[in-house]
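Peer 1: I'd like to ask some things about the structure below.
The values are calculated or read from the model by the stated rules, or taken from the named source; none is laboratory data. Quantities reported herein were computed from a predicted structural model and do not represent experimental measurements. Here the Cβ positions follow ideal geometry from the backbone for every residue, glycine too, while neighbour counts run over all protein chains shown. All accessible areas refer to the heavy atoms of the entire protein, side chains included, with ligands and DNA or RNA removed. Shrake-Rupley method; radii C 1.70, N 1.55, O 1.52, S 1.80 Å.
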Amino acid sequence: MKKFLSLMLVAALALTLVACQNTTKGHKKIADTVIPEELITAAQEEGELVVYGSCEDDYLAAACENFEETYGIKVSYQRLSTGEVQAKIEEENGNPSADVFFGGTTDPYNVLADKGLLERYDAINAAHLTKDIYKHKDNLWYGIYTGILGFMVNKDELAAKGLDAPKDFKDLTDPKYKDLIWLSNYNTAGTAKLVLNTMIQKYGHDKGIQYLVDLDKNIEVYTKSGSGPSKNVGTAECVIGIGFLHDGIAQIVDNGYDNIELVIPSSGTTCEIGATAIFAGAKHPNAAKLWIEYALSPECVNLAQENGSYQFLVIDNATQPQAAIDFGLDPENVIDYDFDDATKNVGTYVEEIMKALSTSGADTADESRFQIK
């Protein structure tokens, strides 16, 4: 089956390459990317671009450096969690210190969009998106990848403790896993916000909040960034990490931690859509628009798997990461996610879960456990 899927992907890519041989007058073609010449010229006249990225550091650096080399536009970039970007852009309120947002889950993007802090841009290369769900309804953000939420476990540590790996979300609340689980911080990480929204959508509001209060009894650390748990499973500092499974693949494939096992929750899970967007009031609007076209191109997204990021890609002319397919991940095998509810209510949900944790006895001011740095 895997060989068949691989052959199908190769065939699809070949057809796409053939279909993209023609260029349109007045447009510049770089590999599979078609961009208006006047946009490139206007962006180069601005000469600069500032990027806030919430994907992994290596991919962010590679994407930004390739853009700079390709278009001759100076790029400054900083890696921040999605929660940090959201808070910064909200505080700046239309006078943003960066031009574009790149990577990270779309819940914070939707909050910023709802507050009028993202700029609409009707991207030409959005025609390559494989589903309507991979973009904002008003073109305020565009998807670039999707990743599956699950668990990463240290097989050796569990075996030494005589424990089986958890198979589903409810298993994580078993007292036998006390102090073995890491999650990210609801206040700082888009990943944790996705977990919060997912539990409320799976179990209902009250039961979802209660589930997370019960889960808290087994959590040792809440990391600032969503990928924090995955980075500590192989070393056994964390025994069970909740996060995106492509981060676990990176630890196995790139860092050699073959003691990590990936677990897809048996009752169903959700997936993130990693996105990119222009901040309203961007100082370099044309460079920002050029970035969006670039981010929706194989020249950008294919750099992910070359730099330790193994998310599934959501444009039809990209090359899917074979590692994700080999590990049996399927971006179609996920439950429906209510983006509207998440957008409208995630701020309230974060306040509610932090209050519920505090009421249950958790010291939410303990920064060694609820990390913000």
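Residue-wise test of (1) under 23 Å from Phe312 (Cβ atoms); (2) without any contact (Cβ under 8 Å) to a residue 24 or more places away in the chain.
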{"site": "Asp57", "(1), (2)": "yes, yes"}
{"site": "Ala63", "(1), (2)": "yes, no"}
{"site": "Glu68", "(1), (2)": "no, yes"}
{"site": "Gly72", "(1), (2)": "no, no"}
{"site": "Leu80", "(1), (2)": "no, no"}
{"site": "Gly83", "(1), (2)": "no, no"}
{"site": "Ala87", "(1), (2)": "no, yes"}
{"site": "Asn93", "(1), (2)": "no, no"}
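Peer 1: Further, regarding this structure: Do the conditions hold for Asp330, that is, is it acidic (Asp, Glu) and over 21 Å from Gln251 (Cβ atoms)? Give the derivation first.
Peer 2: Values: acidic (Asp, Glu): yes; over 21 Å from Gln251 (Cβ atoms): no.
The answer is no for Asp330.
Peer 1: May I pose another question? Please count how many residues of segment 279-324 are open to solvent by less than 20 Å² (accessible area, probe 1.4 Å), out of contact with any Pro (no Cβ under 7 Å at 6 or more places or on another chain) and not small (Gly, Ala, Ser).
Peer 2: The number of residues fulfilling the criteria is 14.
Peer 1: Report yes if some residue within segment 274-290 is of a type in the set (Phe, Trp, Tyr) and part of a loop (DSSP other than H, G, I, E, B); otherwise report no.
Peer 2: Pass one, segment 274-290, residues of a type in the set (Phe, Trp, Tyr): 279.
Subset that is part of a loop (DSSP other than H, G, I, E, B): none.
Checked segment 274-290: no residue is of a type in the set (Phe, Trp, Tyr) and part of a loop (DSSP other than H, G, I, E, B).
Peer 1: Also, quick follow-up: Do we find that Asn317 is of a type in the set (S, T, N, Q), in contact with a Cys (Cβ under 8 Å, 6 or more places away or on another chain) and at negative phi in this structure?
Peer 2: Values: of a type in the set (S, T, N, Q): yes; in contact with a Cys (Cβ under 8 Å, 6 or more places away or on another chain): yes; at negative phi: yes.
Against the criterion (of a type in the set (S, T, N, Q), in contact with a Cys (Cβ under 8 Å, 6 or more places away or on another chain) and at negative phi), Asn317 qualifies.
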